[in-house]
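To start, the structure under review is shown below, and the notes come after it.
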Amino acid sequence: MTTTRMEYFKAAPDAMKPLVALENSTRELSIPTRLRTLMKMRASQINSCAYCLDMHAPDAREAGITQQQLDVLAAWRESPAFDARERAALGWCDALTRIEATGAPDADYQALAAAFSERECTELTLIITTINAWNRFAVGFRSAHPIRDEADEH
């Protein structure tokens, strides 16, 4: 079990304000909540951010992401559970989240550009960038998600 290293919101609340404002601004973008939430889940999965996965899983279900899609998200490339736009966005999410290894390949960008307008490509990139920033805070400072009673889940 991991111990929280620090409570960064308490340590530097003014430093967190720009990130909170950025997060809030992503809600005003043209990208639907369902797709925004799918990007949050996938990036958090890649980054092993249990805190963010726990936080966004209920949002994902509320946004219409099925339990099956959540179950197979780690293997989205092998699953028929995602449509063409979701697959293009997931590929871009993987490429940007693992940018040190991928270099954001042309194939992933081309799939994105074929499925989304330039505005949407830019907005998706901002959404992916923002969740990656949150992941770095939560993983870096070992933010612990709450443990819920199974009865609370139903």
Exercise for the section: Residue by residue through region 75-106, note down the ones that are in contact (Cβ under 8 Å) with a residue 24 or more places away in the chain, of a type in the set (A, V, I, L, M) and surrounded by 13 or more Cβ atoms within 10 Å (Cβ to Cβ). Expected result: Ala88, Ala89, Leu90, Leu96
Handout entry: Unmet criterion (only one of (1) under 17 Å from Ala144 (Cα atoms); (2) modelled with pLDDT of 95 or more; (3) surrounded by 12 or more Cβ atoms within 10 Å (Cβ to Cβ)) for Phe9
Key = (2)
Practice task
Can you tell me which residue among Ser30, Ser48 is under 19 Å from Ala138 (Cβ atoms) and outside any helix (DSSP H, G or I)?
Solution key: Ser48
Practice task
Check region 33-55 and report whether any residue there is more than 21 Å from Thr129 (Cβ to Cβ) and either hydroxyl-bearing (Ser, Thr, Tyr) or in contact with a Cys (Cβ under 7 Å, 6 or more places away or on another chain) (or both).
Solution key: no
Exercise for the section: Evaluate region 42-62: report whether one residue or more is within 13 Å of the chain's Cα centre (by Cα), basic (Lys, Arg), closer than 24 Å to Phe116 by Cα and at pLDDT 95 or above. Expected result: yes
Practice task
Give the residues of region 107-134 that are touching a residue at least 24 places away in the same chain (Cβ under 8 Å), surrounded by fewer than 17 Cβ atoms within 10 Å (Cβ to Cβ) and polar (S, T, N, Q), sorted by residue number.
Solution key: Thr125, Thr129
Handout entry: Check on Ser48, out of contact with any Phe, Trp or Tyr (no Cβ under 9 Å at 6 or more places or on another chain), of a type in the set (S, T, N, Q) and either free of Cβ contacts under 8 Å to residues at least 40 places away in the same chain or more than 25 Å from Pro146 (Cβ to Cβ) (or both)
Key = no
Problem - Which listed residue, of Leu70, Leu22, is surrounded by fewer than 17 Cβ atoms within 10 Å (Cβ to Cβ), under 30 Å from Glu7 (Cβ atoms) and touching a residue at least 12 places away in the same chain (Cβ under 8 Å) - result: Leu22
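The values are calculated or read from the model by the stated rules, or taken from the named source; none is laboratory data. These numbers come from a predicted model, not from an experiment. No Cβ is skipped: glycine too gets one built from the backbone with ideal geometry, and neighbour counts run over all protein chains shown.
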